[in-house]
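J.: After the structure tokens below, expect a handful of questions from me.
Read the figures in this text as sums done on the coordinates, not as results from a lab. Given the structure is predicted, the values throughout are model-derived calculations rather than measurements. Every residue, glycine as well, gets a Cβ built from its backbone with ideal geometry; the counts of neighbours run over all protein chains shown.
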Amino acid sequence: MHDIFGEEVARWQHLERVFKNTLESFGYTEIRTPALEKIEVFSQTVGDDTDIVEKQMYEVKSAAEAERLVLRPEGTAAFMRAVLEHQLHRLPGAQRFYYCLPMFRYERPQKGRLRQFHQFGVELIGDASPEADAEIIFVFETILKTLGIRDYVLEINSVGCSDCRPVYRDALKDYFRPHLAELCEQCQGRFERAPMRILDCKNPKCAELVQNAPLITDHLNAPCREHHDGLRQRLTQLGVAFTDNPRIVRGLDYYSRTAFEFTSELLGAQSALGGGGRYDGLAQRFGHDPIPAVGWALGMERFLIALEAKSPLTPTVRKPIVFFAPLDAPAFEMLFELSMRLQRKGILTAMSYERDKKLKWLMKQADRTGAVYTLLLGEDERKSGKAVLKKMAAGTQEEIEISNLEEIIAGRARSEA
Ligand code: HAM
């Protein structure tokens, strides 16, 4: 878990601005759900045999309540809980949402893998067409292009639906059965319950066996095949380059039909920039009728790694236009008030509230803040009616009317902007 501050926070804000501007220009609106959810929101939806449900959830205990709450490990099930609670699916036509929220998973931390990380995600409900899938993938690609990230690959697959999957599962079991003893212990457990999870296993022996396993794409029924072909055609029409990867199953169980991942070599071992897919059946896991839905989430920390690897961002932390250096008590009174008034107008200024400091100390503070100007005001200046304004970078100085300080500084702020 990381503290984020200083220049790093400026990078986050830059990313957040690009994400939000892009999504809002495609008609998405923000949704914010709580960090805590009832455990069932995930345990009944994400899948028993997934890492998230097996070992990655943080459970939160309260002294007074027996209810089991967890810190949200992913956004989609929480989103669907909110959709059903507020009947958002009843609104006519497609509804488009995005979120930018912290997620929590108990994992072994490494580069690009944290226990508290941040996802930027989109979810589109109320549209079952391949165009909706193509739209959200196009949006993801738009973000990559806007940020100037070129080193990425988009892999797509169809994981079928509840009709074609049982047939595929049987085909997989027939294939793995003679090799059962060669599979890792975990996959031996998965063989009966969730044979598709074996496709995801990182164990070298399992991965080797997976090489020749039957492909889901050879077991799709006609509507699923048609949907998948439709998506492929739309992506081609939109000029989005993709690779077919029939081994993508994703780490969550709620997907049907489309599943996809954007990966990048810039990231090292944790190569997934983001991923998602269609989850028309997720509402049923909450005991509701199906609701067509499709979405993705990207890892903010991974995007930052990719951006840094490409060319380090030099974010701009806002610098004050002027550092006020009062040389006596009456000057302090005057400049304190002026500083507050200017900042209320959106003009950043800086001032130290320490009293009776010498000029040398004040100039050092001014340097530290990175202010463009330093304003010196004391008894001599008041007598002459003119304060001293130093331009820090050039080392030059000029005299400005005390009666007109606010306007002059506001004018300098405008011309420096
Ligand atoms: P996910 O593949 O589990 O999907 O996570 C999406 C992205 O979050 C990953 O591709 C990765 O960039 C980032 N990520 C995941 N775990 C970590 C971690 N421990 N540390 C840093 N980054 C991480 C989902 O969560 C789905 N809810 C996506 C979705 C939305 N599907 C439909 N709608």
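J.: Please work out the Cα center distance from region 2-47 to region 107-179, rounded to the nearest Å.
T.: 18
J.: Length gain on complete extension for the stretch Lys383 to Leu84, per 0.36 nm per residue less the alpha carbon to alpha carbon distance?
T.: Extra length from Lys383 to Leu84 when fully extended: 100.5 nm.
J.: In whole angstrom, and with the biggest value first, how far do the Cα coordinates of region 221-278 range along each principal axis?
T.: Per principal axis, max minus min of the Cα coordinates gives 37, 30, 15 Å.
J.: Using only helices, what value at 222 nm comes out for the chain when you add -39,500 (n - 2.57) per DSSP H run of length 4 or more and divide by the total residues, to the nearest 500 deg cm²/dmol?
T.: After summing the helix terms and dividing by the residues of the chain, the value is -11500 deg cm²/dmol.
J.: Additional query: How would you classify region 1-71 from its alpha-carbon gyration tensor, with a ≥ b ≥ c the square roots of the eigenvalues: rounded for a/c under 1.5, else prolate if a/b is greater than b/c, otherwise oblate?
T.: prolate
J.: Work out the length of the dipole vector of region 358-417 about its Cα centre, built from +1 on the beta-carbon of each Lys and Arg and -1 on the beta-carbon of each Asp and Glu, and round it to the nearest 20 debye.
T.: Dipole magnitude for region 358-417 comes out near 320 debye.
J.: Please arrange Leu114, Leu273, Leu298 by counting, for each residue, the other beta carbons lying within 10 Å of its beta carbon, fewest first. Don't skip to the answer; put the middle values down first.
T.: On the way: Leu114 20, Leu273 26, Leu298 23.
Lowest count first: Leu114, Leu298, Leu273.
J.: Looking at region 223-320 from every direction and averaging, what is the projected area of its Cα convex hull in nm²? If you can, show how the numbers build up before the last one.
T.: Details: hull surface 40.4 nm².
Averaged projected area of region 223-320's Cα convex hull equals 10.1 nm².
J.: How big is D, in µm² s⁻¹, for region 50-101 by Stokes-Einstein at 25 °C and 0.890 mPa s if Rh is the Kirkwood radius over C-alpha pairs?
T.: Answer from the Stokes-Einstein relation: 182 µm²/s.
J.: Ranked by Cβ crowding within 10 angstrom, fewest neighbours first, how are Lys20, Lys345 ordered?
T.: Ranking Lys20, Lys345 by Cβ neighbours within 10 Å, fewest first, gives Lys345, Lys20.
J.: Next up: If the elastic network links every pair of Cα atoms under 10 Å, which of Gly239, Gly230, Gly47 fluctuates the most in the Gaussian network model of the chain?
T.: In the Gaussian network model the winner is Gly239.
J.: Would you order Ile156, Ile4, Ile216 from fewest to most other beta-carbon atoms within 10 Å of each residue's own beta-carbon? Spell out each step's value before the answer.
T.: On the way: Ile156 22, Ile4 12, Ile216 26.
Lowest count first: Ile4, Ile156, Ile216.
J.: In addition: Using a simple spin-label model with points 7 Å from Cα along the Cα→Cβ vector, what separation in nm is obtained for Asp170 and Arg318?
T.: In this crude label model, Asp170 to Arg318 measures out at 6.5 nm.
J.: How about region 81-138: which GluC sites (Glu not before Pro) there are in a DSSP loop, with at most 16 other Cβ atoms within 10 Å of their Cβ? All intermediate terms of the calculation are to be shown ahead of the outcome.
T.: Values: sites: Glu85, Glu107, Glu123, Glu131, Glu135; in loops: Glu107.
Loop-located and lightly packed - Glu107.
J.: Mind checking the full-extension length gain between Thr29 and His288? Use 0.36 nm per residue of separation minus the Cα-Cα distance, one decimal, nm.
T.: Computed gain between Thr29 and His288 is 90.8 nm.
J.: Give me the extension gain from Arg414 to Gln211: residue separation times 0.36 nm, minus the current Cα-Cα distance, reported in nm with one decimal.
T.: Residue separation times 0.36 nm, minus the Cα-Cα distance, leaves 66.7 nm.
J.: Sticking with this structure for a sec: What's the Kirkwood radius of region 251-294 in Å, using all Cα pairs?
T.: Taking the inverse mean of 1/r over all distinct Cα pairs, region 251-294 comes out at 11.7 Å.
J.: Taking square-rooted eigenvalues a ≥ b ≥ c of the alpha carbon gyration tensor, is region 151-215 rounded, prolate or oblate, where a/c under 1.5 means rounded and, failing that, a/b exceeding b/c means prolate?
T.: Here region 151-215 falls in the oblate category.
J.: For a paramagnetic label modelled at 7 Å from the Cα of Met363 toward its Cβ, which residues of region 301-344 fall within the zone defined by backbone nitrogen distances under 19 Å?
T.: Answer for this model: 322-328.
J.: Mean-square fluctuation check for the chain, GNM, Cα pairs under 10 Å: which of Phe97, Phe323, Phe260 is largest?
T.: It is Phe323.
J.: Hey, quick one: spin label on Glu398, modelled 7 Å out along Cα-Cβ, who in region 350-390 has an amide N within reach, i.e. under 16 Å?
T.: Zone members listed by number: 372-376, 386-390.
J.: So, counting K/R as plus one and D/E as minus one, what does the shell of residues with Cβ under 11 Å around Glu416 add up to?
T.: Net charge around Glu416: +4.
J.: Let me have the relative contact order for the chain, percent, based on Cα pairs under 8 Å that are six or more residues apart. Mind showing how you got there, number by number?
T.: Details: 688 pairs, mean separation 63.2, N = 417.
Value for the chain: 15 percent.
J.: Then there is this: Suppose we take every Cα in region 334-417 and form the convex hull; what volume per residue is that in Å³?
T.: So the per-residue Cα hull volume is 101 Å³.
J.: Per residue, what volume in Å³ does the Cα convex hull of the chain take up?
T.: 199
J.: Follow-up question, since we're still on this one. Excluding Glu59 itself, what net charge comes from residues whose Cβ is under 15 Å from its Cβ, given Lys and Arg +1 and Asp and Glu -1?
T.: +2
J.: Based on Cβ point charges of +1 for Lys and Arg and -1 for Asp and Glu, what charge dipole magnitude is obtained for region 242-350 about its Cα centre, in debye rounded to the nearest 20?
T.: Using only the charged Cβ atoms, the result is roughly 180 debye.
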